[in-house]
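The values are calculated or read from the model by the stated rules, or taken from the named source; none is laboratory data. What you are looking at is a predicted structure, and each value in this text was computed from that prediction instead of being measured. Virtual Cβ from ideal backbone geometry, glycine too; neighbours counted across all protein chains shown. The accessibility values were calculated without ligands, DNA or RNA, using every heavy atom of the protein model including side chains. Shrake-Rupley method; radii C 1.70, N 1.55, O 1.52, S 1.80 Å.
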2 protein chains.
Amino acid sequence: MTQAELAAKIEHTILKPEATEAEVMKVAAEGAQYRFASVCIAPVWVAKASAALRGSGVPVCSVVAFPHGTSKSTVKAIEATVAVKDGAGEIDVVAHLPLLAAGNVDAVRAELLEVAKAARAVRRDVVLKVILETAYLLSLGAERGEAAIAAGCRAARESGFDFVKTSTGFHPAGGASAVAVALLKKYGEGMLVKASGGIRDWATAKAMLDAGADRLGMSGAVGIISAECRMSPGGA
Amino acid sequence: MTQAELAAKIEHTILKPEATEAEVMKVAAEGAQYRFASVCIAPVWVAKASAALRGSGVPVCSVVAFPHGTSKSTVKAIEATVAVKDGAGEIDVVAHLPLLAAGNVDAVRAELLEVAKAARAVRRDVVLKVILETAYLLSLGAERGEAAIAAGCRAARESGFDFVKTSTGFHPAGGASAVAVALLKKYGEGMLVKASGGIRDWATAKAMLDAGADRLGMSGAVGIISAECRMSPGGA
C-alpha cells in the first residue's frame, strides 16, 4: 500500500475537548497536505476548518452527541444539520448506548432516521456514520455484544447510513478491536466500516484493515504514514 | 450535620452513557426518598424523570454539551431549552475548554449568555451552572489555572449563572479538589459552588464542603448518607 492509498483510508482526527483553534487548524492543514480521507473535528470548529479546506477535496467530518450519545434525538438532528450547514461533508453520530445494549432495533432506527432525514434535507450526499461503542457492547458478553452490534448495523442500514463505526475513543471499555471490526463487517452488509479509538501505531492500523475496516479514525496519523512510507517507499 | 441536611446538599447523579432507564428511574426514586438537592441525569431521560418527580420538591438537573463542551453555542442553547421544556429545573452546561484555558472572558460570556437567555425564556427561575473542568485548567499550571478559573467565574456571573461547578467527572485530568473549590469560592462571589467528579466517600465529600462547596454532585450518595447517618444519628 502506498502512502497515498493509506492516507485515503485515514480520517485525521482531533477530538480532545481542550483542543485549541491552532491545533485544530494544524490538523486541517495536514489533512489537505497528506490528502487524508477526512479531517474529523468537534462541531465548534467545523465552519472555520471547512473554509480552510474548501477546494482541497478533503471533507470535514463532525461529530454529534459526542462522546456520550445521551442527547435527545431531536437535538442530535439539529446538531447534525448545523454541522452540515457549516460545511461538514461527513457526520459521526453516537448512538444511545442502552438502546443498543438492549438490542432495540426499532428505537435505534427511529433515532438514526431522525438524524438522517434532517441532515440529508440540507445536503443529500452527506456521509453518515453511527458510532456503536463496540468495546462497551462486547464487555456485556460475546453473545449479547454480537446481538447489540447486529441490531445497530440493521438500524443503521435501514436508516440509510453509510458507515458503522466502532468507538468514540473516550469510553473506558476501550476502542477498536479486530473482533469488533469483523462483526461490523459481518452485520454491516451494504455499509462501510470505520475503526477508531486507540489506533496509535501501524501494526494496530494494519490489523484493523486486515479485519475489514474501510476507514481508520486516528489522531496520530502523520507520524505513522511518514514512518510507513520510510519502511516501504512507493508501496508494499 | 443531619442526614437531611447533608442530602439537601447532594445532587444524586447518574451520567454514565450506558445508564439504562431502570437505573435512571431508580436514582430518581431515591432522589425523592432521600430528598436530595436534585437528580442529575442525561437529557434523554429528563421528561420521564420529571414526570416521576412531579410534586416531590426534588428538581431534575440535566446537562448540556456533556461532557466535552465542544458543541456550538447555538446547539447548547437549544439543548438547554429542550431540557427545560422537558421539566428540568437545573441545567449544568460544559464550557468550551480552550476559551477558558485562554482566559477569554468575552468568548465564554458570549456562549453562556446565549444559553442563559434561551433557557430563561422558557423558565425564568431555572438554576444555571457552568462546568469549568477545573482539574484540566489547573493541570496547565497553578497560575494559568487560577486565571482561567477567574475568567470562567467572571463570565458566569456576568451571564446571570447561579453556580460554578468543578468537573464533569469524565476528563482524564480528574475531578473535584479542595484547591479548585476554594478558587471557585474566591472568584465566584455572588454565585454558589458545586463540587463534582470523584467524590465517592464521606471524607472527600466533607473536604469539599469544608473548602466551601454548597453542593456536591455524587453518583454513590445513598451509601454515604446512610453510613454517615449511622455514624452520627440525628446530627453531628
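Being within 20 Å of B:Tyr136 (Cα to Cα) and either surrounded by fewer than 20 Cβ atoms within 10 Å (Cβ to Cβ) or acidic (Asp, Glu) (or both), is that true of even one residue in the range A:22-40? Checking the range A:22-40: at least one residue is within 20 Å of B:Tyr136 (Cα to Cα) and either surrounded by fewer than 20 Cβ atoms within 10 Å (Cβ to Cβ) or acidic (Asp, Glu) (or both). Of all residues in the range A:54-69, none that is more than 14 Å from chain B (Cβ to nearest Cβ) has its Cβ atom under 7 Å from the Cβ atom of a residue that is in a loop (DSSP other than H, G, I, E, B) and at pLDDT below 95, 6 or more apart or on another chain.
To keep it simple, each residue is scored yes or no on (1) polar (S, T, N, Q); (2) open to solvent by less than 30 Å² (accessible area, probe 1.4 Å); (3) part of a helix (DSSP H, G or I).
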{"position": "A:Gly152", "(1), (2), (3)": "no, yes, yes"}
{"position": "A:Phe161", "(1), (2), (3)": "no, yes, no"}
{"position": "A:Ser167", "(1), (2), (3)": "yes, yes, no"}
{"position": "A:His171", "(1), (2), (3)": "no, yes, no"}
{"position": "A:Ala182", "(1), (2), (3)": "no, no, yes"}
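Residue count for the range A:25-53 satisfying the condition of being closer than 22 Å to A:Ala221 by Cβ, touching a residue at least 24 places away in the same chain (Cβ under 8 Å) and within 14 Å of chain B (Cβ to nearest Cβ): 10.
Considered as a group, the residues in the range B:1-21 that are within 18 Å of B:Ala88 (Cα to Cα) and facing chain A (nearest Cβ under 9 Å) include one that is least open to solvent (accessible area, probe 1.4 Å), and that residue is B:Leu15.
If you go through the range B:26-50 and pick out every residue that is polar (S, T, N, Q) and under 19 Å from B:Asp214 (Cα atoms), you end up with 1. In the range A:71-95, which residue that is closer than 27 Å to A:Leu138 by Cα, in contact (Cβ under 8 Å) with a residue 12 or more places away in the chain and buried (at least 24 other Cβ atoms within 10 Å of the Cβ) is farthest from the other protein chains (Cβ to nearest Cβ)? The qualifying residue farthest from the other protein chains (Cβ to nearest Cβ) is A:Glu90. Within the range B:121-150, the set of residues being part of a loop (DSSP other than H, G, I, E, B) and surrounded by 24 or more Cβ atoms within 10 Å (Cβ to Cβ) comprises B:Leu132, B:Glu133.
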